[in-house]
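Read the structure below first, then the notes.
Just so it is clear, none of the values below were taken in a lab; they were calculated from the coordinates. This is a predicted model, so every value here is computed, not measured. Neighbour counts run over all protein chains shown; Cβ positions are idealised from the backbone, glycine included.
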Amino acid sequence: MLTLLPTKVPLIQFILNNKEINTALPPGMLLLDFVRYHQNLMGTKIGCREGDCGACTVLVGELINDELVYRSMTSCLLPLGNVHHKHIVTVEGINMQDLNPIQQCMSDEGASQCGFCTPGFVVSLAGFCLSREQPSYEKAIASIDGNICRCTGYKSIERAAANLAGLMAERKNRHAIDFVVERKILPDYFKEMKQRLVAIKSNNNGVLESRDIYKYLGGGTDLYVQQPENMLNADIGFLYDKVNLKGIKKVGNRCCIGASATVTDLIESEIIRSHFPEIPGFIKLVSSTPIRNMATLAGNFINASPIGDFTIFFLALDAQLVLSDGANEREIQLRNLYKGYKILDKRPGEFIKQIFFELPSKDTFFNFEKVSKRTHLDIAGVNTAISITMKDKEIHSTSLSAGGVGPIPLYLFRASDFLKGKILTEAIIFETIEIAKAEISPISDARGSKGYKSLLLGQLIKAHFLALFPALNVEKMLNY
């Protein structure tokens, strides 16, 4: 239950474009509404209010390890409490006396028609220009994967992105901010922003604290879709910027992930990339760049969606959770968190503090599969993951998970146990599929009939084994 209007509202400080902001407005207010209705910056458009269309995209700059890092985010899901001590850039904040090169590329290629989506595309491409990664055409296209246009057919936008990538290729090894300011791609004030943020942060050293917390909030990408009105005046415990909830580190053979780590943090982690080299391909199946920049792993777990992509991902890794109420901590397996539809083994006042799992050995293989109405950036109809360890030709252990086929994210106990000690053959895989189908209880809904979902899980299990063990008889597998 949410309480309304806490007696003392904390002061939120950040920089909006080139202007310092100090506001006592509710920290649960969305940035989209703040910039439009309190700052009269109308370039940031109201579209879906679900983080799907990209019309409201802004850049968020924050100090990370003494470096100013910019990422694109959808302001329709971004509360003021999560922009404390940061630099927010709207499309107005990248305007110059004439069209800047990003805008000029869009104009030259006729990449804007009705114009409603254009500010979001321009801001996302500005994020590409400010990225720490070496620029390329592929990265320019990836930067706009959260922006939707219904007029152009995208080809003109792709050509504009290609032209911009060509310009940015001249950056070589130069620092991104230095380059874009020198080439008049973005305004001069970006050069001073790091020092200005340091000064603001030194005025007070904490994230926002609330007196009586009735709702914990990470990235907000689920909660603000589901309960936007309730969140406005809620007394919120903001977890997104808590230092002790950040980071991905290796302790022994254990990977320890702070609960407020984002999907982007996962992609950028050397630990994760070295043990899961296919993760860029898996992540492409999950949401868009702005959402991945915001969404926390713990938030995906606590949302308790039966088709939460990272819940399914980490179930197959047999992940463990550290739950805390601020004073006491306890550990539970992720597979034991879910007791029923949206019912969790979580006490009032508890939040996830850490996620950990054993890193796979060289004999362990992992795969993630997902089917949705759109190939990318969509909610799953069915998703599944597998972690399988081999000893010679024998299966030593397996963890198999599935989503969209029951009221909760499922760890498939019987199918996982069945495979232990077996010699991997096509026939064993077929038996596993039948056991898995007996464990699930799909329902018919907008994403497919229960029969279709059952069939789909079987096909995705086959896809796991074909991806991981290419020596299997493909024809026999496909004809089963």
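Values for this structure:
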{"read-out": "Efficiency of FRET from Cβ geometry, Glu329 and Asn65, R₀ 30 Å, rounded to 0.05", "value": "0.65"}
{"read-out": "Rough spin-label spacing in nm, given labels placed 7 Å along Cα→Cβ, for Tyr154 and Glu358", "value": "4.2 nm"}
{"read-out": "Spin-label model distance (nm) - Asp417 vs Ala24, 7 Å beyond Cα toward Cβ", "value": "6.1 nm"}
{"read-out": "Nearest 10 degrees, 0 to 90: helix 155-168 Cα axis against the chain principal axis", "value": "70 degrees"}
{"read-out": "Spin-label model distance (nm) - Glu434 vs Ile271, 7 Å beyond Cα toward Cβ", "value": "4.3 nm"}
{"read-out": "Length added when fully stretched, Gln195-Asp445, from 0.36 nm per residue minus Cα-Cα", "value": "84.8 nm"}
{"read-out": "Simple Cβ-charge dipole of the chain, Lys/Arg +1 and Asp/Glu -1, about Cα centre, in debye nearest 20", "value": "220 debye"}
{"read-out": "Shape of the stretch 431-472, Cα gyration tensor, a/c cut at 1.5", "value": "oblate"}
{"read-out": "Principal-axis tilt of helix 118-130 within the chain, Cα atoms, nearest 10 degrees", "value": "80 degrees"}
{"read-out": "Value of [θ]222 nm, deg cm²/dmol, for the chain, DSSP H segments ≥ 4, -39500 (n - 2.57) each, nearest 500", "value": "-9000 deg cm²/dmol"}
{"read-out": "0 to 90° range, to nearest 10: angle between helix 426-439 axis and the chain longest Cα axis", "value": "70 degrees"}
{"read-out": "Formal net charge of residues neighbouring Ser454 (Cβ-Cβ distance under 11 Å; K, R +1; D, E -1)", "value": "+1"}
{"read-out": "Prolate/oblate/rounded label for the stretch 303-451 (Cα gyration tensor, a/c 1.5)", "value": "oblate"}
{"read-out": "For the stretch 428-458 versus the stretch 219-251, the gap between their alpha-carbon centres in whole angstrom", "value": "34 Å"}
{"read-out": "3J(HN,Hα) from dihedral phi, the stretch 36-43, Karplus parametrisation 6.51/-1.76/1.60, rounded to Hz, x for glycine, proline", "value": "7, 9, 10, 10, 6, 9, 8, x"}
{"read-out": "GluC sites (Glu not before Pro) lying in DSSP loop within the stretch 125-162, provided at most 13 other Cβ fall within 10 Å", "value": "Glu133"}
{"read-out": "Cβ-defined net charge surrounding Asp325, 13 Å radius [Lys, Arg +1; Asp, Glu -1]", "value": "+2"}
{"read-out": "Neighbourhood charge, 12 Å Cβ-Cβ cut-off, centred on Arg196 and excluding it, Lys, Arg +1 and Asp, Glu -1", "value": "+3"}
{"read-out": "Cα pair distances exceeding 19 angstrom across the stretch 397-453, given as percent", "value": "32 percent"}
{"read-out": "Packing-based order for 160-171, 340-351, 36-47, using average beta carbon neighbours within 10 Å, highest first", "value": "160-171, 36-47, 340-351"}
